[in-house]
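Here is the structure we will look at, set down as structure tokens.
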Amino acid sequence: MAPARNEPSPRPRGNPARSGNPARRAAAAAQPPSPGRSSLERASRPWLVRLSSIPRWLLLVITLAVLLAGLFLPGVAGGVFLLVLAAFLGWLAVLSWPALGTWPRVLRAATVVLVVAVGVTKILEG
């Protein structure tokens, strides 16, 4: 007897590496993390737990305050604020990198590069 046409397929369709589901994309990679990545994740775990306990709106307000301070403070002070923000954004981007598709990776990398460029420019003009 042939299976009914309306039954779901027993295997997932499509390319899991292009899936919208981050867990499916990560499983498709199926490469064990490097020792350096494992070390970074282990060292970052306590900080991520602390960040997850902060209300999201407060984290957004702090991030915007650092960005605005960096943009409006003159010279080296503004550049330092922007470089601190770039380091924070870069750290989060590195941690989320394996679960991201191509365009989210490009956007995160471009954001970090832009903030670093503006910060270095402010310091050099200082």
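Since every read-out is calculated from the coordinates, none of them should be taken as a lab result. None of these values were measured; they are calculated from a predicted model. Here the Cβ positions follow ideal geometry from the backbone for every residue, glycine too, while neighbour counts run over all protein chains shown.
What to note about this one:
- Here the contact order of the stretch 36-125, divided by its residue count and restricted to Cα pairs under 8 Å and six or more residues apart, works out to 31 percent.
- Label zone of residue 54 (point 7 Å out along Cα→Cβ, amide N under 11 Å): in the stretch 60-78 this covers 60-66.
- Nonlocal amide H pairs with residue 73, under 5 Å, H built at 1.01 Å: none
- Per-residue packing, averaged as other Cβ atoms within 10 Å, sorts the ranges 75-85, 97-107 into the order 75-85, 97-107, beginning with the highest.
- Couplings 3J(HN,Hα) of the stretch 89-94, computed from phi: 5, x, 4, 5, 5, 5 Hz, in residue order, whole Hz [Karplus 6.51 cos²θ - 1.76 cosθ + 1.60, θ = phi - 60°; x for Gly and Pro].
- A straight chain from residue 37 to residue 71 at 0.36 nm per residue would run longer than the Cα-Cα distance by 9.0 nm.
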